[in-house]
Amino acid sequence: MTKLGGLPGLAAVNLRHLKDHPGRTALSLVGIAAGSALVVAMLGLIGSLTSGVDRLVTSVGHVDLQVSGPGGAPLPADAAGRVAAVPGVAAASPIVRSSVVVAGERVLLLGADERAQAINAGVTPACLHATHETSAADEATPVAAGPALARHLRAPGNGARTAVYNGSTAVPVVVAATVTCGDISRINDGWFLAAPLSVAEALSGQPGQPDAVLVRTAPRTSTSEMTARVQAAAGPGVIVGSPRQALHEAREEAQIFQQGSLLVVSLALVVGGFLVFNTVSMAALERRRELATLRALGARRRTVAAVVVAEAAALGVLGSAIGVVAGVLAGRAAVASVPRVLVQAVGVRPSFTIAPWQLAAGVAVGTAATIVAALMPARAVSRVPPVDAMRPEGVLEAGDAPGTKPVALVGGIAALAAGYLLCAIGQDSVLIAGFVLTNVGFIIATVGVMGPIASSVARVADRMGRVGRLAGAGLERSPRRVWATTVAVVVGVGIVVTFRGSVQNELDTFSRSIASLGRPDLVVTTARAEDFPPEVTMSKDWVDRIRAVPGVASVRAAQAFYASIAGRRVIIEGVQDPPTVPLVANLPAAARADVLAGRAISITRTFAQANGLHAGDTFVLSTASGPQRLRIAAVVNVLMPVPGGGVAMALDRVEQWYGRPGAGWLEVYERPGADPAAVRRQVGNLANQAGFPMWVYSGSEILTASRRSLNQSAGIFLAMQWVVVGATALAVLNTLLISVVERRRELGILRAIGTSRRRVRRMVATEALAIGAVGGALGVLLGLSGHYVAVVAYRKLVGFTVRYELVAVPIVVAVISAAAIVVFASLAPAWRAARLNVVEAIGYE
């Protein structure tokens with residue numbers, strides 16, 4: 001083996017071939033990069049959604065327990081003192097951490113006092129960079145702003161005067177400093193205000209009442225024992241738990257994106273694997289004499305295979321590195337396009353964050369997928385006898401054409417059935433594995449019928465005239481190539497049908513479930529239509545003000561907010577009659593009356609599944625007024641933007657039990673015959689005089705905005721889908737190029753006997769069309785199967801039952817996609833086939 005230069009020398013020779021064929025190498029790099037880019041983008045998106053919460057949790061310092069009010073209700077003024085007196089408590093620091101509105105933007109308000117030093121809180125005087133000198137006569141309250149809010153207010157240099165709206169009053173403030181510490185300044189992506197505790201309590205509209213008390217326990221104390229002690233001292237109307245609970249809730253929220261992204265990433269890696277498989281096979285085909293010579297000179301099969309794999313590994317590393325860069329850019333775009341409603345569900349604004357290990361993971365996954373894809377052709381080329389390697393038809397198609405392979409067919413069908421079973425009974429990661437297994441099983445099953453698939457494609461080509469018969473003959477002789485190309489089309493078309501069909505069903509079901517939101521003539525809210533829930537409230541006297549507008553018949557108040565129940569983040573809604581929130585509006589009359597009268601609550605199916613509840617059961621709800629035993633009036637199929645689901649009850653119960661007076665929005669109903677334009681104009685004028693941000697929408701606009709938020713979420717996955725479809729087109733292009741190289745002698749003879757270049761181009765295009773027709777048909781079958789599985793999986797993942805409906809649009813889009821794939825992929829091979837040098841092609845062996 002020394003005479004052959006050893007493995008490194010052979011690998012260097014092989015790598016030279018990659019340089020000599022830049023087009024084919026570029027195709028493979030793009031396919032590998034697509035998979036790696038999606039891996040990095042997914043990891044970056046998930047990490048960004050949770051890193052903001054992690055940064056907020058970390059900023060509070062070394063904390064073991066957190067005492068807070070249910071649903072964000074303020075704590076009693078003496079709560080911190082009572083907690084600090086508990087034996088085993090080393091420090092207890094009251095803080096303010098609430099949402100307020102500044103200059104039309106919802107921002108975090110943070111407050112603490114000198115007791116925060118005992119827990120090493122992150123915000124210190126060194127973090128504050130003064131921007132404005134204040135005087136004792138200044139009526140505006142001085143505050144510090146995060147860098148993003150300061151830029152929004154144009155505060156640096158001379159400060160900025162604005163107002164903080166807390167749900168009842170607008171308090172004038174002046175930005176006297178900006179927060180400049182590294183991670184601290186990135187809390188909520190820089191959209192926050194910071195102030196001393198007493199000032200922050202006043203700004204939040206809760207003088208003397210903190211939002212939470214952070215507790216550091218003495219060394220060598222039991223967390224469970226201290227939790228019980230602190231709970232006893234704090235009283236029944238508070239929640240004592242881990243300060244990292246918010247991070248756990250954010251990870252649950254991000255899990256929805258993670259699970260959906262895993263599916264797309266897996267499929268992208270499969271398509272990228274096809275590209276690598278084809279590229280490695282093509283390189284081996286062109287060098288069959290060289291490899292045969294190496295074998296004749298004594299090179300072992302293992303050495304030849306290792307050289308081929310090393311070439312693939314080099315492709316994998318380079319392609320993955322390119323993909324990592326593209327993934328960072330894609331991840332930034334994905335974070336920027338996350339719907340506002342999901343940003344609120346997480347709790348803080350995300351800023352794009354990517355860790356070094358995530359970049360390394362993108363390279364590792366892409367490289368591993370490349371190596372795995374190269375193993376089969378590497379093994380195949382190493383096993384071809386030197387005499388057979390001299391044959392002109394190439395290593396891939398040497399030997400007898402494969403017929404039906406019962407083992408592969410039965411194995412694929414078994415994997416497909418196992419995937420369906422896992423989707424039917426599994427949860428979370430098991431369900432994801434089931435969905436992937438259905439796709440893998442389908443592909444394995446096609447291996448079992450590789451010969452019949454090639455024959456079917458050939459028969460389709462035969463029906464396309466004399467040129468089609470020539471194309472069919474070539475397809476019949478290359479079943480493995482035809483299978484690889486056809487399956488690439490199958491995957492692309494199947495993805496389109498699966499994703500577009502399931503998303504369309506999801507949107508249609510969701511639209512029907514929230515139709516009641518469109519009932520009011522107008523909706524006056526303290527947040528934009530895309531922001532739900534509008535946690536900042538308005539005082540109830542606005543009901544009377546708007547009711548006095550000519551043409552208004554009635555006004556109903558409602559509100560909603562986030563709360564933690566049984567360790568999960570949920571939405572609690574308070575409504576009046578007539579309710580428009582789907583969680584109450586969709587109930588039978590008797591159940592709806594019980595909820596509006598305060599005798600019962602209604603819950604989403606997600607909440608019911610998480611807590612083992614059914615209609616008629618009793619549930620103990622933690623409130624600031626103590627535990628409340630409530631009957632479940634009904635379980636409703638409504639989708640909430642949080643994995644924990646939602647709870648609805650009478651508005652007066654929300655105000656009383658959670659200390660949240662007022663309304664998040666007002667539903668306005670006009671008198672018969674009233675001028676809608678005039679009523680909206682007058683209500684809008686009244687809202688503009690409020691002194692704090694208010695928005696006026698029609699009921700139909702609220703309904704549209706709610707659907708738009710779900711559309712934005714689905715859009716992220718649909719964008720990933722088209723990346724996979726693009727990679728599929730590259731796989732088909734690469735494989736068609738293989739066919740041209742394999743048949744250079746055949747094509748040269750055709751040209752020598754008078755076949756025109758145009759006819760040669762048509763022959764290659766006909767092959768592509770035949771492959772597209774069969775692959776498109778099989779892809780639609782795979783897609784319809786995946787569509788149904790995705791609908792079943794959606795209920796398991798988010799607890800929202802989607803109504804399965806066969807819709808034509810995704811199938812039409814898939815057919816168009818298949819046509820576009822084969823047309824695009826056939827252009828370069830057809831041109832190359834027509835431009836062959838006749839003399840060189842005839843002599844090619």
**Asked** Which of the residues that make up the range 582-629 are within 30 Å of the chain's Cα centre (by Cα) and polar (S, T, N, Q)?
**Response** ASN586, SER602, THR604, THR606, GLN609, ASN611
**Complete:** Taking first residues from the range 91-119 that are farther than 20 Å from ARG186 by Cβ and in a strand (DSSP E or B) and second residues anywhere that are of a type in the set (Lys, Arg) and modelled with pLDDT of 85 or more, the pairs with Cβ under 6 Å that are 6 or more apart or on different chains are ALA91/ARG216
**Request:** Say whether the condition of being aliphatic (A, V, I, L, M), open to solvent by 10 Å² or more (accessible area, probe 1.4 Å) and in a helix (DSSP H, G or I) is met by at least one residue in the range 166-176.
**Result:** no
**Message:** What's the number of the only condition in (1) in contact (Cβ under 8 Å) with a residue 60 or more places away in the chain; (2) buried (at least 19 other Cβ atoms within 10 Å of the Cβ) that ARG477 fails to meet?
**Reply:** (2)
**Prompt:** Of the residues that make up the range 743-755, is at least one under 30 Å from VAL440 (Cβ atoms) and open to solvent by less than 60 Å² (accessible area, probe 1.4 Å)?
**Reply:** no
**Item:** Matching option when the condition is open to solvent by less than 40 Å² (accessible area, probe 1.4 Å), closer than 19 Å to ALA819 by Cα and touching a residue at least 40 places away in the same chain (Cβ under 8 Å), among LEU736, LEU784
**Value:** LEU736
**Request:** Would you check if there is a residue in the range 336-346 being open to solvent by 30 Å² or more (accessible area, probe 1.4 Å), modelled with pLDDT under 80, assigned to a loop (DSSP other than H, G, I, E, B) and small (Gly, Ala, Ser)?
**Result:** yes
**Message:** On the basis of being within 16 Å of GLY71 (Cβ to Cβ) and either among the hydroxyl-bearing types (Ser, Thr, Tyr) or not in a helix (DSSP H, G or I) (or both), does GLY616 make the cut?
**Reply:** no
**Asked** When you look at ALA608, is it of a type outside the set (D, E, K, R), open to solvent by less than 20 Å² (accessible area, probe 1.4 Å) and closer than 19 Å to SER513 by Cα, yes or no?
**Response** yes
**Asked** If you take just the strands (runs of 3 or more DSSP E) that sit entirely in the range 500-608, which of them hold at least 2 residues that are at pLDDT 90 or above, β-branched (Val, Ile, Thr) and touching a Gly at 6+ places or on another chain (Cβ under 9 Å)?
**Response** 522-525, 568-575, 600-604
**Request:** Specify the residue that is farthest from the chain's Cα centre (by Cα); the eligible residues are those in the range 129-153 that are modelled with pLDDT of 60 or more and part of a loop (DSSP other than H, G, I, E, B).
**Result:** GLU139
**Asked** Of everything in the range 447-459 that's surrounded by fewer than 22 Cβ atoms within 10 Å (Cβ to Cβ) and not in a loop (DSSP other than H, G, I, E, B), which residue is farthest from the chain's Cα centre (by Cα)?
**Response** ARG459
**Any hit, the range 486-504, residues being surrounded by fewer than 22 Cβ atoms within 10 Å (Cβ to Cβ) and either free of Cβ contacts under 8 Å to residues at least 12 places away in the same chain or within 39 Å of the chain's Cα centre (by Cα) (or both)** = yes
**Asked** Residues of the range 176-233 being hydroxyl-bearing (Ser, Thr, Tyr) and touching a residue at least 60 places away in the same chain (Cβ under 8 Å), which ones?
**Response** SER198, SER204, THR217, THR221, THR223, THR227
**Single match in LEU778, LEU806 (criterion: open to solvent by 10 Å² or more (accessible area, probe 1.4 Å), modelled with pLDDT of 85 or more and part of a helix (DSSP H, G or I))** = LEU778
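The values are calculated or read from the model by the stated rules, or taken from the named source; none is laboratory data. All values derive from a computational prediction rather than experimental measurement. Please note: Cβ atoms are built from the backbone with ideal geometry, for glycine as well, and neighbour counts cover all protein chains shown. Keep in mind that these areas ignore ligands, DNA and RNA; they rest on the heavy atoms of the full protein, side chains included. Shrake-Rupley method; radii C 1.70, N 1.55, O 1.52, S 1.80 Å.
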